[in-house]
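Novice: Mind having a look at this structure? Questions to follow.
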């Protein structure tokens, strides 16, 4: 089943050029990731739950039996607020595919820019970012004041792919 899914998703890439060969293809790690953004939304969610707790306590004194009817939606909304972004991010990464050829890098995503092709960058533009797992960035996009790095994010064999990319960019010291 997973192989069939991989085959269907890899077909989202454009056709290879006549002299182009695939050196590597893969996908990012799709595990749930809770970072600093999730912690910030968690603080908001805890505040929401505490407000519902206080409201439920006050209303329950006047109208006995309404405690959980008021508190439960607050808890559900708080959990949904905290879990929404990590789950959506994980699903996007699950359906994202990467391909490295001898001429370009290809990224296929289920949302946003569905298919993107990037030429082999200059050696100075390649960035290896440690992490669990590591990422390789080779381009960037600026939208207003925000700069977004573009590359192969959270791939398990990042070191080998980075070495291949450096060779393609002209590094002779590897």
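The values are calculated or read from the model by the stated rules, or taken from the named source; none is laboratory data. Small disclaimer: the values here were computed from a predicted structure and weren't measured. FYI the Cβ positions are ideal-geometry reconstructions off the backbone, even for glycines, and counts take in every protein chain you see.
Novice: Check whether at least one residue in region 30-37 is outside any loop (DSSP other than H, G, I, E, B) and surrounded by 15 or more Cβ atoms within 10 Å (Cβ to Cβ), and report yes or no.
Specialist: Restricting attention to region 30-37, the residues satisfying the condition of being outside any loop (DSSP other than H, G, I, E, B) are 36-37.
Now narrow it down to the ones that are surrounded by 15 or more Cβ atoms within 10 Å (Cβ to Cβ): none.
No, region 30-37 contains no residue that is outside any loop (DSSP other than H, G, I, E, B) and surrounded by 15 or more Cβ atoms within 10 Å (Cβ to Cβ).
Novice: The conditions are (1) surrounded by 15 or more Cβ atoms within 10 Å (Cβ to Cβ); (2) within 30 Å of residue 47 (Cβ to Cβ), and residue 80 fails exactly one of them. Which is it?
Specialist: Just one mismatch for residue 80, condition (1).
Here is a yes/no grid of residues against (1) within 16 Å of the chain's Cα centre (by Cα); (2) under 26 Å from residue 166 (Cα atoms); (3) crowded, with 17+ Cβ neighbours inside 10 Å:
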residue: 98; (1), (2), (3): yes, yes, yes
residue: 115; (1), (2), (3): yes, yes, no
residue: 119; (1), (2), (3): no, yes, no
residue: 124; (1), (2), (3): no, yes, no
residue: 131; (1), (2), (3): yes, yes, no
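Novice: Quick one: how many residues across region 61-72 are in a helix (DSSP H, G or I) and surrounded by 12 or more Cβ atoms within 10 Å (Cβ to Cβ)?
Specialist: Looking only at that region, the number is 5.
Novice: Evaluate the following for residue 91: is it surrounded by 12 or more Cβ atoms within 10 Å (Cβ to Cβ), at pLDDT 90 or above and in a helix (DSSP H, G or I)?
Specialist: On the way: surrounded by 12 or more Cβ atoms within 10 Å (Cβ to Cβ): yes; at pLDDT 90 or above: yes; in a helix (DSSP H, G or I): yes.
So residue 91 passes the test.
Residue-by-condition table, conditions (1) within 21 Å of residue 26 (Cα to Cα); (2) assigned to a helix (DSSP H, G or I); (3) not assigned by TED's automatic domain parsing to the domain that holds residue 43:
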residue: 85; (1), (2), (3): no, yes, no
residue: 112; (1), (2), (3): yes, no, yes
residue: 121; (1), (2), (3): yes, no, yes
residue: 137; (1), (2), (3): yes, no, yes
residue: 141; (1), (2), (3): no, no, yes
residue: 149; (1), (2), (3): yes, no, yes
residue: 156; (1), (2), (3): yes, no, yes
residue: 173; (1), (2), (3): no, no, yes
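Novice: Consider only pairs whose beta carbons are under 7 Å apart and that are at least six residues apart or on different chains; among these, list those whose first residue lies in region 44-57 and is assigned by TED's automatic domain parsing to the domain that holds residue 82 and whose second residue is loosely packed, with under 13 Cβ neighbours inside 10 Å and at pLDDT 90 or above.
Specialist: Close Cβ pairs (under 7 Å, with a partner that is loosely packed, with under 13 Cβ neighbours inside 10 Å and at pLDDT 90 or above) do not exist here.
Novice: On to the next question. Kindly list the number of the only condition in (1) buried (at least 17 other Cβ atoms within 10 Å of the Cβ); (2) in the same structural domain as residue 149 (by TED's automatic domain parsing); (3) farther than 20 Å from residue 29 by Cβ that fails for residue 106.
Specialist: Tallying (1) buried (at least 17 other Cβ atoms within 10 Å of the Cβ); (2) in the same structural domain as residue 149 (by TED's automatic domain parsing); (3) farther than 20 Å from residue 29 by Cβ, residue 106 fails exactly one: (3).
Novice: Among the residues of region 126-147, which ones are out of contact with any strand residue (DSSP E or B) (no Cβ under 6 Å at 6 or more places or on another chain) and touching a residue at least 40 places away in the same chain (Cβ under 8 Å)?
Specialist: If the condition is that a residue be out of contact with any strand residue (DSSP E or B) (no Cβ under 6 Å at 6 or more places or on another chain) and touching a residue at least 40 places away in the same chain (Cβ under 8 Å), then 133 is the only one that fits.
Novice: Does region 94-108 contain at least one residue that is modelled with pLDDT of 90 or more and assigned to a helix (DSSP H, G or I)?
Specialist: Initially, region 94-108 is screened for residues modelled with pLDDT of 90 or more, giving 94-108.
Those left that are additionally assigned to a helix (DSSP H, G or I): 94.
Looking through region 94-108, at least one residue is modelled with pLDDT of 90 or more and assigned to a helix (DSSP H, G or I).
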